[in-house]
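I have placed the structure first, in the form of structure tokens, so that the comments after it can refer back to it.
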Amino acid sequence: MDAGNNPTEDRPSIKSDEYLWDGSGEPDLEIQRLEAVLGKFRHDSPTPGFPEIVPDRRWTFFLWRMRLFPALATAAVAVAAVVGVTFLVYRMKPASTTGVGWDVSSVEGTPRIGPKTISGKEGIRRLGVGQTLETDGLSRASLQADDTGKIDVDPSTRLRLLSMASGHKRLALDRGTIHAFIWAPPGQFVVDTPSAVTVDLGCAYTLHVDDTGAGIVRTSLGG
């Protein structure tokens, strides 16, 4: 047999990998050369001690504020949105006159508060202290105050609001006719006329004043 054809002579020897892990076994020549070249870079000094790092409280407070700022900004935007919506809602809502005046609406035609006319399309307007409500021959109006009562105003009537103080609601009927239904406590609702003063004691009545200033009262409920 030809020894040159023996396949076992050309097979490379298998080195053990144990040398790479724990230094045992047969070392590889290439590994030994690498160890010799890199050995000069080996660090064999003790591990240096490093001082303890103490955080600066000023930076901690600054970082805390930086983290808090987005949350505060979001909250501010939310509050601004709520305030804006609330403002728009109340701006669109008809004003209530409880305690400061009477709610006035047109029943027919175009009554006036001062120079301003009231129509059915405009809804409710306010008759404030010192203002005058007038109806012409073709118009009628209705007044209401939640804590006082309701008043229907006939055509050709002139009515002034004198006071809306607590416990003392006072009107002046210069001419024309009103129909009052009052639920305020007795003595708190008063109507002045050119010839007399009417004090309500808890009733429903009609008050008429003619062009001469003479007045007449007809009670339909109460006394």
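The values are calculated or read from the model by the stated rules, or taken from the named source; none is laboratory data. Predicted, not measured: the structure shown is a model, and the values here were computed from it. Neighbour counts run over all protein chains shown; Cβ positions are idealised from the backbone, glycine included. We work out accessible area using only protein heavy atoms, side chains counted, and drop any ligands, DNA or RNA first. Shrake-Rupley method; radii C 1.70, N 1.55, O 1.52, S 1.80 Å.
Normalised by the number of residues in region 116-172, the average gap of Cα pairs under 8 Å and 6 or more apart makes the relative contact order 31 percent.
A Förster radius of 35 Å combined with the Cβ-Cβ distance from VAL190 to THR74 puts the calculated FRET efficiency at roughly 0.05. Accessible area per residue for region 167-223, computed on protein heavy atoms with a 1.4 Å probe, is 48 Å². Extension gain for GLU26-ALA165 works out to 38.7 nm (0.36 nm per residue, less the C-alpha to C-alpha distance). Placing pseudo-labels 7 Å out from each Cα toward the beta carbon at ARG158 and GLU108 gives an inter-label distance of 2.2 nm.
Evaluated on region 95-181, the Kirkwood hydrodynamic radius is 12.5 Å, with distances taken between all distinct Cα atoms.
Whenever you get a sec, compute what percent of the accessible area on region 134-223 sits on carbon and sulfur atoms (1.4 Å probe). Heavy-atom surface of region 134-223 belonging to carbon and sulfur, 1.4 Å probe: 54 percent.
Here each label is just a point 7 Å from Cα along the line to Cβ, and for LYS40 and ARG126 those points are 9.7 nm apart.
Largest accessible area first, the listed residues LYS169, LYS116, LYS40, LYS150 line up as LYS40, LYS116, LYS150, LYS169 when surface is computed with a 1.4 Å probe on the assembled protein chains. Rounded to 0.05, the FRET efficiency of the SER220 and LYS116 pair, given R0 = 41 Å and the Cβ-Cβ distance, is 0.80.
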